[in-house]
Amino acid sequence: MRCSWRCRLLCIVSVGLLLSISGKVLEMVRSLREERGEEDGSVSDLSSEATGSSCCFKGIRCDQADPYNIFVMQSERPDGRLKLMYAPITQSLVLGLQSREEECGYKTFKVLPETRRDIFQYPVPPKSGDVIIYVGTLNSSTFMDRCRTQMAPNRTYCIWYQVEPREWPKASPTGRSGVCEVWEYTRGNDPSLGVPLVRYVPPGFMPTEATEEQNDRLVQWRARSLNPKSLQWYFIGRLGPLRQVCWDQLQELKYFKKHELKKIPQGGAKGYPKVYTVEDWRKLGRLKNAAFLNFHQACNRPQPLETKPLETVRVAQLLSLGFLVVSEEVNSIDKALYEQIVLVEKDLFHEKNWSPFFWRLLQNKTALVDWQLRAYDLFKQRFRPSKLLHDAQVWDGGVPSRSTCDA
């Protein structure tokens, strides 16, 4: 049967629409990858074959008679800003590990490349018994290949600090990697399939002032300036296609039409947030009468509650400065860990469903000040870098301590 010109025209238009939609989907995926510094093909899946038997050598341990090195490292983007993005993670890990160096007989090295050409350049060559902690997804496939082909045969222990909200529900890792442990920033992720050992190690309290006492005084000074009637709200981070939808929805709420919701000024390559350096954060810490919203990449999207992550990297920086942080709904474990520290709203995007407690903070200065100062004190208590590592039992020796290995 011959197709009429109308039929042919309809086919051409349909194909054009499909190509246009496909292009937009690819653009959204690339945008999400750029936000985290990820490259195509940079995420290696973890191994269903990488059972404990492939990691039967020592991980992080405390033994003065057995000296070794721990390398905390990452990759870098062409703009050189990835080390600033991951600073809350790398600095928290280094401080936590350094707190027991003398007691446990190891030395901690922070290996932050200036350019992409400097990746995997160690200050001293890794040897048997050493430990490497690699932060991030960029070039993680190269890291995992080296773990499998170089580090594991040399009995050098590999840990991957995973920084992505793993795709829901596509979080099942498969394929061989050579990584012995995965460290997670949120309990919304579950890379348990095929991973010998998973730990939850979010970033901790990191004062931006010269001393903790100066940081305390800054928080107390700023708390006195709080005024619910003129409270200014901010969001830090790149919106991207998915977050933009949530942003637009928040802007339509009656409350945020009265209390303007602002985005921290953008700057740098491809519109990444301007707030990066220590000096940037110090300036932000002097922002009066300010509060912050937290919503993740797939905000306000139907998905299992327990897969919804709390953006603990960004949140740690804001909590270290003593800011009020209000978040969309997150998984129950993150929510409990940050109870009375981050105010989690079950339905942030519809103000008619905001909790009575949230409304009380928005209307009562005393309640608002009390919450902010108490949240700051609780964050310092619960999220000291050394305490986070202790709670995660990172000094237990790794996989051999939890299997029948002969380490």
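The values are calculated or read from the model by the stated rules, or taken from the named source; none is laboratory data. These numbers come from a predicted model, not from an experiment. Heads up, the Cβs are rebuilt from the backbone with ideal geometry, glycines too, and the neighbour counts pull from every protein chain shown.
Looking at K270, K263, just one residue is at pLDDT below 95, at positive phi and not β-branched (V, I, T), and that residue is K270.
Residue by residue, here is whether (1) at negative phi; (2) part of a loop (DSSP other than H, G, I, E, B); (3) within 21 Å of the chain's Cα centre (by Cα) holds:
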site	(1), (2), (3)
L319	yes, no, yes
V326	yes, no, yes
Q340	no, yes, yes
A367	yes, no, no
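Residues of the range 198-216 include at least one that is of a type outside the set (D, E), assigned to a helix (DSSP H, G or I) and more than 26 Å from D391 (Cβ to Cβ).
In the set (1) surrounded by fewer than 21 Cβ atoms within 10 Å (Cβ to Cβ); (2) at pLDDT 95 or above; (3) of a type in the set (A, V, I, L, M); (4) closer than 21 Å to G204 by Cα, the condition left unmet by I132 is number (1). Set side by side, the residues F323, F292 differ, and just one is in contact with a helix residue (DSSP H, G or I) (Cβ under 6 Å, 6 or more places away or on another chain), surrounded by 20 or more Cβ atoms within 10 Å (Cβ to Cβ), of a type outside the set (A, V, I, L, M) and modelled with pLDDT of 90 or more, which is F292.
Does K127 fit the bill of being closer than 25 Å to D396 by Cα and in contact with a helix residue (DSSP H, G or I) (Cβ under 6 Å, 6 or more places away or on another chain)? Here the answer is no, as K127 does not meet what is asked.
Just the residues that are crowded, with 17+ Cβ neighbours inside 10 Å and part of a helix (DSSP H, G or I), please, taken from the range 99-115. Selection gives C104 alone.
Number of residues in the range 291-309 that are under 24 Å from E260 (Cα atoms) and in contact (Cβ under 8 Å) with a residue 60 or more places away in the chain equals 6. All of R360, R374 fail the test of being over 20 Å from H259 (Cβ atoms) and part of a helix (DSSP H, G or I), apart from R374.
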